[in-house]
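Right, one structure below, let's go through it.
The values are calculated or read from the model by the stated rules, or taken from the named source; none is laboratory data. Bear in mind the structure is a predicted one, so any value in this text is a computation, not a measurement. All Cβ positions, even for glycine, are placed from backbone atoms using ideal geometry, and neighbour counts span all protein chains on display. SASA here: full protein model, heavy atoms, side chains in, ligands and nucleic acids out. Shrake-Rupley method; radii C 1.70, N 1.55, O 1.52, S 1.80 Å.
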Amino acid sequence: MSSLSGPPSAPAAGVPTHCPYCALQCGMTLHRDTGPGAVDAGPADGGPVRVEPASGGLCQKGWTAADLLDHPDRLRTPLLRPAKGDDQQPASWDRAIGTVVATLRRLRADHGPDAVAVFGGGGLTNEKAYALGKFARVALRTRYIDYNGRFCMSAAAAAGNAAFGLDRGLPFPVSDIAAADLVLLAGANSAETMPPFVRNLTAQRRTGGQLIVIDPRATPTAREATLHLQPTPGTDLALANGLLHVLVAEGLVDQGYVAARTSGFAAVAACVAGYWPARVEQITGVPADDIITAARLLGAARRAILLTGRGVEQHAHGTATVTAFINLALATGRPGTPGSGYGCITGQGNGQGGREHGQKADQLPGYRSISDPAAREHVAGVWGIRADELPGPGVSALELIDRLGADRGGPRALLRFGANPVVSAPNAGRVAERLRALDLLVVADFVPSETAALADVVLPTTQWAEEAGTMTNLEGRILRRRPVRPPPTGVRTDLEIISALATGLGSPSGFPTDPEAVFTELRAASAGGRADYAGVSWQRLDAGERLHWPVPHETHPGTPRLFTDGFATADRRAVFTPVELPPAVEEVCQAYPYRLTTGRVLSQYQSGAQTRRIAALRAEPFVELHPDLAARLAIDDGALVRVVSRRGELVAAARLSEMIRPDTLFAPFHWPGAAMANAVTSDALDPVAGMPQFKLCAVDVRPA
């Protein structure tokens, strides 16, 4: 079945697919207007597309998702920069691909395979993520590949792998949340970032459930909580340890579960002995009485679910912080217990599947380690090469960007699919500097993003409603994406681009352009791995089966709940790990006396390259600060303010709000230019996961 296959016009009933934005992947039906009076955007488009929710509604981003398909900014022909300093000019596909192949061949011949790097995205389908990882290792033979999912939940993934032997965002169905007696939500503002998810929290509250939210801001999510704990940014680890201290001190630990299903608790109990409530109040600013109340609610709940999000993960100690919350979940007997559990709220549409099949620097398909000899043998066999021909592990996304350019002795060419790091990466000025240092920057995209504006070659790609494939949502369920129409004339799929480049480079292994054929190969490559898709087929998905990985064979029903019979560790026990709050990587001081944290707003998504172009989602950048701080600095609501860090500055309108702590500022990160929040954010990295510290940096703020 071709990626462009299907009837020439959508059936009256519409085409079932899923929203292109967050990892909740809400179901939707697409309808194409081909009747009299329909306005075609192009001869191949066949009319505009209308979105209808499959069930339960959509957020405003989902409702307007089809508006981008025929946007005037849509890229419809390759662009080529003839020489550095020249403007991009339209070019034929043959010339564009030929230029890329010739330059890559020259750079690899002169400087070796690691002269070329690949940067992927968490919005790519499973098929494209798999093909991109294979392309890097087989056609390019480079170890330099990573993706923007590194900025999403890499800290939670590292902590989950260490504790459970396996990482899946939610190791239970999302519907379990509605039935929980207590939900602890740390560092997530789901009401704005994932609105349909909140239905589960609303249902949970309606049946008498308790909700504890941990967030430095009184967000719309936090305002619905039974108890809101409002820590100083960067101190969540101490708060989690303080909660566990109370559980230990008051005899609320599930000792039977700890003894039967875990190891290492004694060391963690000794560690949290130093985090008594009064001390934790001094560290975090959260009142000791609230810490005690939260711990008692957690200890008393029969069914409790603990969830973490970017707020606790996007720090230079993010892995340790998530580990502290996992310790809390294990001590109360939640993971692997029906109706309870620990999970991470995955952000990007295919953040889960995108990291399972080879986009991460250290991974092969099936969530295998690229350093594992057995894994290398298996995947190399599927790819038709020798295991010793596979490169070794590379480096994390920001480390990769920092190495770019001849002056760094690193990669001289970068191929970017599905990401906009000029806006989305921290210390963004540094990122743009490194991209400009390249001999060749190739960007595959469907709109002219800020990263595409720097590219030497831009390749126009299909959008979600024009392609087939699979996605894996936050609960590990594999979903089908279906096209409602062919792409515009002159636009190609990512699989077609990857295949053309691989062919031009003389790859020893084939690169199919049919996504179902790619998925069949993915199944074989993942077989026996931790994320085993061997038993998943498009036929089973099209028949309506709900398949959560692992699915090791074609009669296997899938695994909606993990860890019920044991964990994926050698001894089947979950692992407690003691963690201490490290010193801050950047302290506030006289020159930079305030803390800045970043996040999202309801109408925008990621770097905003898509949502900023949709009229119904239009919004303006802002800096949120407390009225008391604004009064001290003579800042009026709506006035422009300048926020300055050690790395750069941003200018945006002040928004006065009591949602924020008086010592903290908040800025959304969706905008480029003068309002770019990531111009000031810290590029300090978590030493385990390579997660940058987006959520905390020291700044000054003044009227602009």
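P(r) tail for the range 284-329: Cα pairs beyond 12 Å make up 69% of the total.
The C-alpha atoms of the chain define a longest principal axis, and helix 154-164 lies at about 60 degrees to it. Which distance in Å, rounded to a whole number, links the C-alpha centroids of the range 286-300 and the range 124-197? The range 286-300 and the range 124-197 have Cα centres spaced 29 Å from each other.
Please list log₁₀ I(q)/I(0) at q = 0.14, 0.31 Å⁻¹ for the range 379-425, using the Debye equation with identical point scatterers on the alpha-carbon positions. Ignoring solvent entirely, the Cα scatterers give -0.53, -1.13.
The spread of Cα positions in the range 236-357, taken along each principal axis and listed from longest to shortest, comes to 43, 34, 24 Å.
Apolar share of the accessible surface for the chain: 52 percent from carbon plus sulfur atoms, 1.4 Å probe. The length gained by stretching the chain between Glu587 and Ala639 to full extension, at 0.36 nm per residue less their Cα-Cα distance, is 16.0 nm.
Relative to the longest principal axis of the Cα atoms of the chain, helix 494-504 runs at roughly 60 degrees.
Taking every Cα-Cα distance in the range 507-626 and sorting them into 5 Å bins starting at zero, the pair-distance distribution P(r) comes out as 2, 7, 10, 10, 8, 8, 13, 14, 12, 10, 5, 2, 0 percent. If you line up the long axis of helix 318-331 against the longest principal axis of the chain, both from Cα atoms, how many degrees apart are they, to the nearest 10? Relative to the chain, helix 318-331 is tipped by roughly 60 degrees.
Working from the Cα coordinates of the range 149-255, the gyration tensor eigenvalues give, after taking √(5λ), semi-axes of 21, 19, 17 Å in decreasing order. Beta bridges assigned by DSSP with both partners in the chain are antiparallel in approximately 45 percent of cases. Each residue, Glu250 and Arg646, gets one label point 7 Å from its Cα in the Cβ direction; the gap between the two is 4.0 nm. If you take the alpha carbon atoms of the range 492-572 and fit the smallest convex hull around them, that volume is 122 Å³ per residue. For the chain, the solvent-accessible area with a 1.4 angstrom probe is 33 square angstrom per residue. Using alpha carbons only, the radius of gyration of the range 602-687 set against its Kirkwood radius gives Rg/Rh = 0.99. Net length available on complete extension from Glu377 to Arg296 is 24.1 nm, with 0.36 nm assigned per residue and the Cα-Cα distance removed. Here the chain yields Rg over Rh of 0.95, to two decimals, using C-alpha coordinates and the Kirkwood radius. Note on the range 110-175: semi-axes of the ellipsoid equivalent to its C-alpha gyration tensor, largest first and rounded to whole Å, are 28, 14, 10.
Below 10 angstrom from the Cβ of Gly469, what's the summed charge of the other residues (Lys, Arg +1; Asp, Glu -1)? Spelling it out: positives minus negatives among the neighbours equals 0. Each Lys and Arg contributes +1 and each Asp and Glu -1, all at the Cβ; summed about the Cα centre of the range 366-451, the dipole is approximately 80 debye.
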